[in-house]
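Below you'll find the structure, written out as structure tokens, and then a few comments.
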Amino acid sequence: MKLKNGAEYIDSLRDIKPVIYYKGEKINDVTRHPATAPHVRAAAMTYALASDKEYRDLAVATSHLTGRTISRFTHVHQNIEDLIKKVKLLRVLGQKTGTCFQRCVGLDGINAVYSVAYEIDRKKGTDYFDRFKDWLTYIQDKNLMVVGAMTDPKGDRSKSPADQPDPDQYVHVTERRDDGIIIRGAKLHMTGGVNSHEILIMPTVAMEEPSRDYAVVCSVPVDAPGVTMIFGRQASDDRRDKRERIDSGKPAFGAVGGEAVIAFEDVFVPQDRIFMNGEAEFTGSLVYRFAAHHRANYGACKTGLMDVLIGAVSYLTLIQGTAKASHVRDKVTEMIHLCETLYSSSIACSAEGWATVSGAYMVDTMLANVCKQNVTRFHFEVARLAVDLAGGFLATLPSQYDLESEDVGHLVKKYFSGVEGVPTEHRMKISRLIEAMTGGTALVESMHGAGSPQAQRIMILREGELDKKIKLAKALLGIPVKKK
Ligand code: SF4
Ligand code: FE
């Protein structure tokens, strides 16, 4: 692995020059800018764990392409054990960062494209699979971070990509040349975009033949000519100034993933980086495989976050003197129960994994959808209980500036103290952490990341085999079951 640890990863970002804007101004160094640096540090943890003895077995894998040791974030799952190790790795990373560490999107893109490129070649006689393996070997050997770029702006949602009044609402091929293609459009909500090395572009919906110019899978470096990123605004992001080490809640790592718009304004993609080019009938399986992998992940990374939140609230109740109250213990029990229920579904969809014809392993898609659907509820319920237990001062707490003020600092210390012997600063810090993990934009990702709840419900009903269930009921009652 070329990039061996977090420091090398951070250094590598200083060597590339993507075009990034934030609040109307250019960011020249994402590793030092206060808006992006916390996200860089969270992603760096995915590199750091590879050299941590305790977690190395989870964080690295053996490449089936080269036999070399690689980061699990660049690995094509070869069996159920790989799927389960990934789940365990994501939970640990959630615990260590308390936020989104971003690198799973590229991993899921790699796994989805790998199996689908293989299937396109088998049916169409193309050579996407070999190209993809070459590109992936490069990613694995250099240990690069890949942003999986799927979500298009979509314009008028009632119209297909080809029917949009503005053709750029979905990324599409504007020109096919002997040496490659030109693409145009944008991807939104790109987690980890500003601190990745490569962009893996994939279609966002299942398409039909008239939209074939939109059926494109390819990769470009983040600093390819014509690529522009706009980093998103997050709640309380102005609190990331160095002085705000208490008020920012999570000074080391960001509140959520760190998302960006990535615009492609006539970007050239050479032939060897094109992995689908017009094969619209394969877009459905690509989107679905990507989504299933990502939905499975949410029961892992988010449980890591919930572990931190449950720990924070439990500590707060200790230093406020409420920990022994029976209703507090019951609410903490419920938080743990919800957290472990989520984790169970992430493990379950991995344990029920299956091999695609390429040999890459997929999660069980029904259970992965159930997993993500539960995230859209349980994470919110855990957050609700956390706010309930923390108390109203989460919303009324004075700032760090007041705590440190010569004039009023003594008042803040006195009136926001808890049990004797614990500094008020600890209570303020832990409260700000809870605020950061339950408020603002913190939970939006749990609702909409990896697909909004309705996307999972559609798949749950589709895969729910209602016919079979009706037959079961009829058979028990002796009602005749028509044989097909
Ligand atoms: Fe990974 Fe979770 Fe972030 Fe998605 S939301 S990129 S699964 S940490
Ligand atoms: Fe996400």
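The values are calculated or read from the model by the stated rules, or taken from the named source; none is laboratory data. On a predicted model such as this, the values are computed, not experimentally measured, just so you know. Here the Cβ is made from the backbone with ideal geometry for all residues, glycine too, and neighbour counts use every protein chain on show. These area figures cover heavy atoms from the full protein model, side chains too; ligands, DNA and RNA do not enter into them. Shrake-Rupley method; radii C 1.70, N 1.55, O 1.52, S 1.80 Å.
Charged neighbours of Lys413, selected by a Cβ distance under 14 Å, balance to -3 (K, R count +1; D, E count -1). Sequence-distant contacts, meaning Cα pairs under 8 Å at least 6 residues apart, place the relative contact order of the range 6-282 at 23 percent. Per residue, the accessible area of the range 6-282 comes to 38 Å², computed with a 1.4 Å probe over protein heavy atoms only. Shown here for the range 59-95: trypsin sites (Lys or Arg not before Pro) in loop regions (DSSP other than H, G, I, E, B) with at most 15 other Cβ atoms within 10 Å, namely Arg68. Counting only the Cα atoms, the chain fills a convex hull of 176 Å³ per residue. Ranking Ile80, Ile139 by solvent-accessible area of protein heavy atoms (1.4 Å probe, all protein chains present), from largest to smallest, gives Ile80, Ile139.
With a/c under 1.5 counting as rounded, go ahead and sort the range 244-338 into rounded, prolate or oblate using the C-alpha gyration tensor (a ≥ b ≥ c being the square roots of the eigenvalues; past the cut-off, prolate if a/b is larger than b/c, else oblate). Judged from the Cα gyration tensor, the range 244-338 comes out oblate (a/c at least 1.5, b/c at or above a/b).
Backbone geometry of the range 21-26 corresponds, through the Karplus equation with coefficients 6.51, -1.76 and 1.60 at θ = phi - 60°, to 3J(HN,Hα) couplings of 10, 8, 6, x, 10, 6 Hz, x marking Gly and Pro. The distance separating the Cα centre of the range 448-484 from that of the range 296-321 comes to 35 Å. The spread of Cα positions in the range 197-244, taken along each principal axis and listed from longest to shortest, comes to 55, 23, 14 Å. When +1 charges are put on Lys and Arg Cβ atoms and -1 charges on Asp and Glu Cβ atoms, the dipole computed for the chain relative to its Cα centre reaches about 1380 debye. Put simply, when 468-480, 370-382 are sorted by average Cβ atoms within 10 angstrom per residue, most first, you get 370-382, 468-480. Give me the net charge for the shell around Trp135: Cβ to Cβ below 14 angstrom, other residues only, Lys and Arg +1, Asp and Glu -1. Residues close to Trp135 contribute a combined charge of -2. Measuring against 23 Å, Cα to Cα, the residue pairs Lys17/Lys154; Lys123/Lys187; Lys86/Lys142; Lys4/Lys85; Lys53/Lys142; Lys23/Lys372 contain Lys17/Lys154; Lys123/Lys187; Lys23/Lys372 as the ones spanning a longer distance.
Overall size of the range 286-472 from C-alpha positions, given as principal axis extents largest first: 70, 33, 27 Å. Straight-distance candidates among the lysines for linking to Lys413, with alpha-carbon spacing under 18 Å and chain neighbours fewer than 8 residues away dropped: Lys429.
Ignoring lysines fewer than eight residues from Lys124 along the same chain, the ones with Cα atoms less than 21 angstrom from its Cα are Lys133.
The GluC sites (Glu not before Pro) of the range 208-288 include none that DSSP puts in a loop with a beta carbon having at most 10 other beta carbons within 10 Å.
Note: the range 6-282, Cα convex hull, 136 Å³ per residue. To put it simply, the accessible area of the range 348-392 at a 1.4 Å probe is 57 percent carbon and sulfur. In the full protein context, the range 286-472 carries 45 Å² of accessible surface per residue, based on a 1.4 Å probe and ignoring ligands, DNA and RNA.
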